[in-house]
Every structure is written in C-alpha cells, then in structure tokens.
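Encoded as structure tokens, the structure appears first; notes follow it.
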Amino acid sequence: MRYTAPQEAWEADVPVRGDVPELATLLGEGGALVLTGAGISTDSGIPDYRGPTSAARRHAPMTFEAFAGDPVARHRYWARSHVGWPQMAAARPNAGHRAVTALQRAGLVGGVITQNVDGLHQAAGARDVVELHGALDRVVCLGCRATPTRTEIQDRLAALNPGFDARAVEINPDGDAELADDELDRFTMTACPACGDGPLKPDVVFFGESVPRPRVDHCFSLVDRARSLVVLGSSLTVMSGLRFVHAAARRGLPVAVVTSGPSRADGVASVRLTGALGEVLPATLDTLRLPDRA
C-alpha cells in the first residue's frame with residue numbers, strides 16, 4: 001500500500017492529545033521504556049516505508065521467502081545493498097537520537113527497543129539497545145552460521161566488482177538502492193569468507209521472518225519493568241512492535257506516541273503528539289532542563 005496524499009491529509013485524522021509539557025511530565029517520572037521506529041531516523045537521511053516521506057518510493061521491502069528461496073532475488077538484493085551501504089554507513093545520529101540518549105543518561109529512560117536496523121541509537125551513545133529487527137552492519141551465513149561484519153563483506157564485494165559503478169536512484173530503508181535492471185547483471189556476489197559457500201544474509205529480520213524468541217521475551221521483560229511506554233517515530237503497522245504496546249496497555253501503563261501520521265497505538269495513547277521528532281524531543285529536554293547531550 002502506498003500513501004500519496006499530502007502531509008496535511010496524512011495527519012488529518014491523528015487524535016492529538018496533550019502537549020510537550022505533558023510528555024515531559026510523563027518522562028520526568030522515570031522508568032520509561034522507549035520504542036522507536038523509522039521516523040526517528042528520517043532526519044539522518046534514512047527514509048521510511050510508511051508515512052508522509054514514503055509516498056514516492058516504488059520499492060517493496062525484501063521478504064525472507066524471496067531472499068531464501070530465489071537466487072535471483074538474493075543477487076538483486078546484494079547488488080543494490082552494495083551500492084546503498086555507503087550512504088547507510090555514513091548516516092549520523094540526529095537530535096532525536098541524542099535526546100533519547102540524554103533521557104537515558106539522566107535516568108528517566110530505563111530501556112530502548114528500536115525497530116530500526118541503522119545502529120544510530122548506539123552511535124548517539126545509548127546503552128543496551130535492543131535491536132528488534134537486527135542490524136545492517138552484521139552479516140550471517142545461512143550455511144555455516146558465520147557472522148562476518150558488513151565492512152568485511154563490502155570490501156570483498158568492492159574487490160570483486162571494481163568496474164561496478166552503478167548509481168543509485170534512491171536509497172531504501174533496509175539499506176539497498178534502486179538500480180536499473182541492466183546494472184544488476186554486471187554484479188558479482190561474494191561467497192562466505194568462512195565456509196566458501198553461503199548464502200550470506202544481512203543480520204536483519206526480513207518481512208515474513210520471525211524475530212528470535214529470546215529477543216522478544218527480553219522486550220516483554222522490559223515492558224514488565226517499565227513505568228510507561230513512549231513510542232517515537234513508528235506507525236506500529238506490524239505486530240512486531242505493536243505487541244509491546246498491547247502488553248503495556250494490559251498492565252495499565254501510560255503510553256505516549258510521537259509520530260507523523262496515524263499509529264495503531266492511537267486508541268490507547270494518553271499522550272499523542274505529531275510533528276518532527278527533531279523538534280518535539282529537544283523541546284521536551286528543554287522543559288525537563290536537560291542538555292541534548294549527557
């Protein structure tokens with residue numbers, strides 16, 4: 001599904017409740033669990049699949065079924081990833097990431113769960129971040145289970161493809177790039193550096209793939225220990241993140257949501273704000289009299 005309406009229509013039905021001081025009051029009570037989505041990274045140049053900034057993209061996200069079962073789809077993914085990775089690797093934390101770190105270091109946030117695979121929370125200094133969907137800077141061999149770094153694989157791909165000078169049309173949220181079909185035939189994929197075979201897969205949870213159960217259980221334990229749940233930059237369209245909102249609601253925890261466009265948590269949120277996280281979160285820090293960097 002692609003949303004093509006303008007920003008005003010996208011946000012028209014969002015049930016705004018509360019304001020920045022109310023969000024600050026909730027966070028000031030401490031013990032908040034933060035759940036972030038793609039909206040917190042858009043100011044770092046990483047697009048999202050849903051929301052106002054996603055309207056122009058044609059690319060559908062890779063599914064695990066296609067990646068694991070179709071060598072052509074897998075080859076296409078890695079060709080695009082080879083071109084898109086440098087932009088992902090160059091992305092830097094923005095004011096939203098820094099605000100989460102400041103809240104954590106002030107003792108007001110007790111845990112961070114991110115649905116993003118970009119590593120920007122850690123780059124901003126956040127601790128013990130649960131990467132619900134994995135991370136693009138790691139790779140796993142589906143054959144021998146070796147885990148080379150993305151940098152190692154990128155170096156091997158560069159050596160195998162010295163003349164591959166394809167230019168990206170656009171970068172997608174999962175780190176790959178839109179390329180013309182005739183570019184894909186010129187790309188050579190590397191084998192696993194450990195077993196010499198493969199196939200290699202980025203250490204991320206593709207659509208249609210299950211999040212590892214121990215990771216899910218750990219996230220539920222964070223909900224159990226939290227005093228509130230604050231959702232930042234996520235529409236919660238998929239159950240992967242929405243289940244933690246359901247768990248918080250069952251426990252009677254206050255839920256705050258700050259994201260552009262509708263969210264599936266809108267019905268349970270006691271504080272519901274829209275707008276750029278790069279503006280809302282620094283304003284929240286100002287209200288709490290916290291610096292943007294701890």
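The values are calculated or read from the model by the stated rules, or taken from the named source; none is laboratory data. Small disclaimer: the values here were computed from a predicted structure and weren't measured. Every residue, glycine as well, gets a Cβ built from its backbone with ideal geometry; the counts of neighbours run over all protein chains shown. To get the accessible areas, we keep the full protein, side chains included, count just its heavy atoms, and leave off ligands, DNA and RNA. Shrake-Rupley method; radii C 1.70, N 1.55, O 1.52, S 1.80 Å.
Results, tabulated for the structure shown:
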quantity: Test: residue in the range 216-223 that is under 21 Å from residue 28 (Cα atoms), open to solvent by less than 10 Å² (accessible area, probe 1.4 Å), among the aliphatic types (A, V, I, L, M) and in contact with a Pro (Cβ under 9 Å, 6 or more places away or on another chain); calculated: no
quantity: Residue 125 in contact (Cβ under 8 Å) with a residue 24 or more places away in the chain and more than 25 Å from residue 185 (Cα to Cα); calculated: yes
quantity: Per-region count, the range 267-279, residues open to solvent by less than 20 Å² (accessible area, probe 1.4 Å) and of a type in the set (Asp, Glu); calculated: 0
quantity: Checklist (1) open to solvent by less than 20 Å² (accessible area, probe 1.4 Å); (2) at pLDDT 95 or above applied to residue 29, failing item; calculated: (1)
quantity: Total residues in the range 219-277, condition more than 20 Å from the chain's Cα centre (by Cα), assigned to a helix (DSSP H, G or I) and of a type in the set (D, E, K, R); calculated: 3
quantity: Hey, residue 175 modelled with pLDDT under 85 and either within 27 Å of the chain's Cα centre (by Cα) or buried (at least 18 other Cβ atoms within 10 Å of the Cβ) (or both) or not; calculated: yes
